[in-house]
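Here's the structure, in structure tokens; my notes come after.
A short reminder: the numbers here are calculations on the coordinates, not readings from a lab. What you see is a predicted model; the values in this text were computed from it and never measured. Cβ placement follows ideal geometry from the backbone for every residue including glycine, while neighbour counts extend to all protein chains displayed.
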Amino acid sequence: MKKIAIQGEVGSFHDIAAHEYFSGEQIELACCSTFEEIFNAIRRDPTTIGMLAIENTIAGSLLHNYELLRQSDVTIIGEHKLHIEHSICCLPEDDWESIKEVHSHPVALQQCRNFLSAHAELKAVEAEDTAGSAEYIASHHLSGWAAICSAYAADIYGMKVLEQDIHDNKHNYTRFLVVANPLEAPELFPANKATKASLVFSLPHEEGSLSKILTILSFYGINLTKIQSLPIIGHEWEYLFYVDVTFDSFTRYRQSIDAITPLARNIKILGEYSEC
């Protein structure tokens, strides 16, 4: 049985992503209130695997998680893309006429802005988790409160779904990364089977420094699928570049890394895995 550390409660989208990624396997969830706790769980128990959101098609990148990845000793061993479908739920005895406020994670509230605007009588309240909001309302029997979460979470906590698919954009997907202790990673995913990699590096503040890197990657047939820059605190106008690349040849990919290493500073491979 694999132990998977997730952010949020049972029924959260992290829970759904973990069960989909490890479909057919027995898993035990370790629910964490913050993303930092996921990395701490892996440090305490090297056999623990982490599942964390990294970007959403509507809300964008979770920049803090990029930094947590860079500063940690874990490696990415996989990714999973999950279709996010929000529902509004309440206690079984409540209905539209009785609910006064709706609780959920800030990102979930943001993704349902049109719905909330159409129900201006409902007070939107930020919480730590989507499923956690449903669990809290159910366990404390809070009449008049509703939660925005998955229909899966509503079912787990015995809540009534008032309306499904209330998110603004139906093409709402979150990309999750699967991370593990580097010593455990080879058993979970052999790196030489990788078709995708995530890197981070900084560059000298010189004209054309980034274009040289991109030219080399192109020469080796490496496809750049994402680039995210974050400022380096204390170094004006200098940035860390988080890059995702895909490739057909693992050998050519490794050759490209050797070629760009002399031009980059503090280059780190965050993980080599299969593109989903």
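Both radii were evaluated on the Cα set of segment 192-273; the Rg over Rh quotient, with Rh as the Kirkwood radius, amounts to 0.96. Each of Ile269 and Lys193 was given a label point 7 Å from its Cα along the Cα-to-Cβ line. The distance between the two points is 1.7 nm. Straight Cα distances below 22 angstrom link Lys193 to the lysines Lys2, Lys81, Lys226, Lys268, with same-chain residues fewer than 8 positions distant left out. Taking the Cα atoms of segment 87-163, the ratio Rg/Rh between the radius of gyration and the Kirkwood radius comes to 0.91. A simple count of charges around Ile267, restricted to other residues whose Cβ falls under 12 Å of its Cβ and scoring Lys, Arg +1 and Asp, Glu -1, yields +2.
To the nearest 0.05, what FRET efficiency results for Glu67 and Glu126 with a Förster distance of 22 Å applied to their C-beta separation? With R0 = 22 Å, the Cβ-Cβ based efficiency is 0.50. Within the shell defined by Cβ-Cβ distances under 11 Å, the residues around His205 carry a net charge of -3, with Lys and Arg each +1 and Asp and Glu each -1. For segment 71-128, which trypsin sites (Lys or Arg not before Pro) pass both filters: DSSP loop (anything but H, G, I, E, B) and at most 16 other C-beta atoms within 10 Å? Here the trypsin sites (Lys or Arg not before Pro) that fit, given the DSSP loop and packing criteria, are Lys100. Using the empirical formula 2.2 N^0.38 Å as the baseline, the Cα radius of gyration of segment 76-128 reaches a ratio of 1.41. Each residue, Glu93 and Leu224, gets one label point 7 Å from its Cα in the Cβ direction; the gap between the two is 6.0 nm. Panel order for Glu238, Glu121, by other beta carbons found within 10 Å of each beta carbon, from fewest to most: Glu121, Glu238. Inter-label distance, Gln255 to Glu206: 2.5 nm, where each label sits 7 Å from its Cα along the C-beta direction.
Where both partners of a DSSP beta bridge lie in the chain, what percent of those bridges are antiparallel, to the nearest 5?
Working: 44 of 61 bridges.
Percent antiparallel among DSSP bridges in the chain is about 70.
Using the Cβ of Lys81 as centre and a radius below 14 Å, the other residues enclosed give a net charge of -3, where K and R count +1 and D and E count -1. Stretching Leu183 away from Glu37 to a fully extended chain increases their span by 50.6 nm, per 0.36 nm per residue minus the current alpha-carbon distance.
As a length-normalised measure over Cα pairs under 8 Å and 6 or more apart, the relative contact order of the chain settles at 23 percent.
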